[in-house]
Every structure is written in structure tokens, then in C-alpha cells.
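Heads up: the structure comes next, in C-alpha cells.
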Amino acid sequence: MSDLLITGARPYGGDAVDLLVRDGVVTEMGRDLDAPDGVEVLDAGGNVLLPGFVDLHTHLREPGGEESEDVATGSAAAALGGYTAVFAMPNTDPVADTAVVVEHVRRRGEEVGLVDVHPVGAVTVGSEGVKMAELGTMARSRARVKMFSDDGRCVHDPLIMRRALEYASALDVVIAQHAEDHRLTGGAQAHEGVVASRLGLAGWPATAEETIVARDCALAREAGAALHVCHVSSAHTIGVLRAAKAAGVRVSAEVTPHHLLLTDATLGSYDPVNKVNPPLRTGADTKAMREALAEGVIDVVATDHAPHAAQYKDTEWEAARPGMLGLQTALSVVVHTMLEPGLLDWRGVARVLSERPAEIAGLPDQGRPIAVGEPANFALVDPDGVWTVRGAKLASRASNTPYEGMRLPATVAATVLRGRITTRQGEVQA
Ligand code: DOR
Ligand code: ZN
Ligand code: ZN
């Protein structure tokens, strides 16, 4: 909780104002505010002020995968990307399927202190899909788990999914599904289509996603539960989501930056940096993702930030692990794919990166309006900034970015967590 005066910031890209922050809360907004004695000043220089971003889907790899990322390096990447809260997926070693593990992750987040780290609990023991984990114990633990997922794997058994949704309804938490019918994707290496055929890679059919989403929407309707669909990748899934939402099902959905921008046309090089699950699909799919995000059928952008150390990625395609970095490039990809073509304005960017993610997960102090009385969680964005992505320079321990060498628009000038500056001009603030 800190005191801060931000001068010349443009909330949602509107007119410039000054904001005075006391004890982490905005107490005054107006022009030419005086800096009280001893208050730190952040000159926003006309940059765009947004609520701090909230990522519903991050892999921080701690415990057990620290060669790829840990809570400290992942939190730094998040803060540098404009995030003030992230949800850490449970496919760690051990899997976060007990109160002990989720409390450890939460505590590590608090010790690092750069973003709020919310652990996601596993739906099933070891995420093995066989026996339900103790959702209630994790929800009531110090970690206050609000979201459960077996991400990396699908909760495939319909009976377990049904039970999990019933528990979720009673506990007022969300089940986030990695929608992949593995009976249809066994051995899959790429989107099932002409590119995979040409390259001789086993195909991951889009129907493996669509069918699970359809099934889960029916189960969520019956249970009256909140279902969140991870990383939507197929245009066909959009129709299912639209119908379910129209019928009043409590379903939300995310798209990743890479499924907004990249297609399977990148696969010709056989560079495993482009291997991800679900796979990069076609130009028709990326177009459908952008339109669905603009329309609100897809609610949010979530990164699926998936760091992998070089030994897991610098190998032949079949052996490489799926996943790509996302935290420090998400804003730029959203600006490039959504803001520049006019599909979203800055208010819309705040909606998909901050407001809706906080609502979906039930975070009361994130994704809030920029207004007096509200917590000072901000991303300050230079809309005219341009940068060249270099994996080696990103804060993550791993460097598996699919955007290597690309020039992207928009830079994060500063990130503010409860009135404390966590990053400034691309540097983490101690
Ligand atoms: O590409 C992916 N990587 N998809 C997943 O579902 C899991 C993730 C990971 O943990 O690396
Ligand atoms: Zn997943
Ligand atoms: Zn994931």
C-alpha cells in the first residue's frame, strides 16, 4: 500500500488527468494536482492508463519445473507485461492438487510481491482424470482457490466433470477446462488440415475441442455451475459458445494471443517454438477468434504463458513440449490484432485484459474502473512505442517466444500494484 501521484495519464486513451493514490487507493483525480510532501511522482507523459491486466492462464512451473520458470521470474515477466494478477496453472511437480501446494504457490507470490499470484487447483488427483481432488479444502485454504483445472489435460470422464461442476456450483468457484478429447487427438502434432498433411504430422482435429465444449456446456447448465473454456482455437467452437450463452449457460471463454495472430503456416520450418496445445490453426480460425473477441462471445485474452527450458524445445518436432511464452508480448499482440484494425478501442482492451478476467475469477480488487475510491492497480501503456522481441531479453527463465525478431506495437511504460510501481520503462522496481 503506497502513496503515489501519477501526472498526465490518459485513462482508457481519453483526456489527460492526474491521479493521487493514498494507501493503494485512488483518492483524487483531476488536473494539476499538487504532490503532497514525500509522495512519489510518476510522470505518465500522456500515456494510456488501463486497469492492471489479469491473466487467467499462466504456467509458473513452481514447484518442480524451475529450470523453465519460477514464481519470481514469472512474476517479473507478468509485471513487465502490465499484469497485476495472474492465475498459476496446477500442472507442476507435484501437481497443485492439495492445500499444501496451492498455499506454497500463493505464499511464494506474496514473497515476490510483483503481482498477485492466484493458484489454480487441480480438478482431479495428479490431474490424472480418475479421482476428484479435494476442491473444498483448496477453496477454503489460505490460498482461497477460485479456479480449478487439469490444464495440460482435459477432464475427459463426463461423470467426473459433472461432479466437479456440481462441487463448483456449491463452492462458488470456476472449472476451467482444457477442451481436448484425447481419443481424437492421440499422437497429434499439428492442426489437422492441409499443412499437417503436407508436413507428415499427425493431426489434432478441431472437433476434439468443439465436442468437449458442447458436452461441458450441457453439464454446466445442468449443474448451474460456472464453466470457463481455456484457449479456444477453432472457429467451430464459437458457434457452440454463442448458443450456450444465448441459452443462459454460465460459460466464459478465453483466446490466447498466439491464436489471435499465428497460424499453421508457421509450421513449415519445423521449428518447435511454434508447437503448442491446442495447435495453431488456420487464417479462418484466427479471423473468427478476433471477431468473437470483439463481439464478446470470447470474453478474455489469457496468455497460456508456457515457458519451456531449451532442453525441452530445442529438439525434433515430435519430442518437443508444447507451449510458448506470452506474458510480455500479450498486450502488443492484442494491440496489433484487435486495436489497430479497429475491432477494439482502449476500453475494449481493458475489458478483455483486465475487467472480464477479474469478474470471471471473482477478484474484487482487480479489473476495477479507474476512479476515486478504487484500488490503484494500473498498466501504463505507451501506444506509440514499438519494440523488437528478443527471447533472451525477456524476464522469463526460458526464451521460447514465437515472436522472436518481430517488431510489435505498444510498450508497457509502468505497472502499478496497489499504488506501488512494480515496473518502469521495462525494468522491475525493487
Ligand atoms: O501448449 C500447452 N502448454 N498447452 C497446455 O495445455 C499445457 C501447456 C504447458 O504446460 O506447457
Ligand atoms: Zn491447456
Ligand atoms: Zn495452459
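The values are calculated or read from the model by the stated rules, or taken from the named source; none is laboratory data. Predicted, not measured: the structure shown is a model, and the values here were computed from it. Please note: Cβ atoms are built from the backbone with ideal geometry, for glycine as well, and neighbour counts cover all protein chains shown. Accessible surface is based on the protein model in full, side chains and every heavy atom, while ligands, DNA and RNA are left aside. Shrake-Rupley method; radii C 1.70, N 1.55, O 1.52, S 1.80 Å.
A few notes on this one:
- Over the chain, Cα pairs under 8 Å with separation of 6+ residues give a relative contact order of 20 percent.
- Spatially close Lys pairs in the chain, defined by Cα atoms under 23 Å apart and a spacing of eight or more places or different chains, total 7.
- Surface share of carbon and sulfur [accessible, 1.4 angstrom probe, percent] for region 38-101: 54
- Normalised radius of gyration (Cα atoms, divided by 2.2 N^0.38 Å) for region 35-99: 1.53.
- Percent carbon-and-sulfur accessible area, region 360-423, ignoring ligands, DNA and RNA, probe 1.4 Å: 48
- In the chain, taking the dipole from charged Cβ atoms about the Cα centre, the farthest positive-side position among Ala208, Met89, Pro409 is held by Ala208.
- Residue order by solvent-accessible surface for Tyr83, Tyr270, Tyr312 is Tyr270, Tyr312, Tyr83, largest first, with ligands and nucleic acids left out and a 1.4 Å probe.
- Taking label points 7 Å from Cα along the Cα-to-Cβ direction, Asp43 and Asp157 give a separation of 6.2 nm.
- Crossing angle, helix 71-80 versus the chain [Cα axis fit, 0-90 degrees, rounded to tens]: 60
- Debye, to nearest 20: dipole size of region 179-263, +1 on Lys, Arg Cβ, -1 on Asp, Glu Cβ: 160
- Peptides 413-420, 73-80 ordered by average Cβ neighbours within 10 Å, highest first: 73-80, 413-420
- The magnitude of the dipole of the chain, with charges of +1 and -1 set on the Cβ of Lys/Arg and Asp/Glu and taken from the Cα centre, is near 680 debye.
- Helix 283-295 axis, angle to the chain major axis (alpha carbon atoms, nearest 10°): 50
- Rg in Å to one decimal, and Dmax rounded to a whole Å, for the chain via C-alpha atoms: 20.5, 67
- Between region 357-378 and region 2-37, the Cα center-to-center distance that results, in Å: 16
- The residues Asp264, Asp172, sorted by heavy-atom accessible surface at 1.4 Å with ligands and nucleic acids left out, run Asp172, Asp264 from largest to smallest.
- Of the residues Leu219, Leu4, Trp346, the one whose Cα sits farthest towards the positive end of the charge dipole of the chain is Leu219 (charges of +1 on Lys and Arg Cβ, -1 on Asp and Glu Cβ, taken about the Cα centre).
- Heavy-atom accessible surface of Arg351, to the nearest 10 Å², is about 70 Å², with a 1.4 Å probe and all protein chains retained.
- Mean separation of Cα contacts under 8 Å, 6 or more apart, over the residue count of region 99-144: relative contact order %: 39
- On Cα atoms only, tilt of 158-171 relative to the major axis of the chain in degrees: 30
- Restricting the GluC sites (Glu not before Pro) of region 113-206 to loop positions (DSSP other than H, G, I, E, B) with no more than 13 neighbouring Cβ atoms within 10 Å leaves Glu128.
- Pairwise FRET efficiency - Ala16 versus Ala284, Cβ, R0 = 35 Å, nearest 0.05: 0.30
- Centroid-to-centroid, using Cα positions, region 206-250 and region 51-120 are 27 Å apart.
- Average accessible surface area per residue within the chain, 1.4 Å rolling probe, Å²: 37
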